[in-house]
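Below you'll find the structure, written out as structure tokens, and then a few comments.
The values are calculated or read from the model by the stated rules, or taken from the named source; none is laboratory data. Everything numeric in this text was worked out from a predicted model, so none of it was measured. Neighbour counts are summed over all protein chains in view; Cβ atoms, including those assigned to glycine, are modelled from backbone coordinates with ideal geometry.
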Amino acid sequence: MKTALLQQLEQPNLYMEQSFEERLSLLLEYEITGREQRRIERLTKQAKFRLKANLQEIDYHIERGLNKEKIRSLAQGE
């Protein structure tokens, strides 16, 4: 949160027109996002996955029988 506040102070022109509540909301959002990211990193490290994978590297060849739309839907939490 300190980092986000310093950023706001260093770039006053970007935040000048925002109300106190809007600026506070941005600071809180930054903090929440940072905590979530650190949690994900910690849990990923604890899981000790053998391979690192991401959705962009999935092989959708016919013989694998993967449905690209279904994978995309699952990735979005639907």
field: Verdict on Ile32 being closer than 14 Å to Met1 by Cα, part of a helix (DSSP H, G or I), of a type in the set (A, V, I, L, M, F, W, C) and without any contact (Cβ under 8 Å) to a residue 24 or more places away in the chain
entry: yes
- request: Test Glu78 against the criterion of being more than 20 Å from the chain's Cα centre (by Cα) and loosely packed, with under 10 Cβ neighbours inside 10 Å, and give yes or no.
  value: no
- line: Residue pairs qualifying under the 7 Å Cβ cut-off, at least six apart or on distinct chains, with the first in segment 1-19 being surrounded by 10 or more Cβ atoms within 10 Å (Cβ to Cβ) and the second being outside any loop (DSSP other than H, G, I, E, B) and among the aromatic types (Phe, Trp, Tyr), are Met1/Tyr30; Ala4/Tyr30; Gln8/Tyr15
- line: The number of residues in segment 44-65 that are farther than 21 Å from Gln76 by Cβ, more than 22 Å from the chain's Cα centre (by Cα), modelled with pLDDT under 85 and assigned to a loop (DSSP other than H, G, I, E, B) is 1
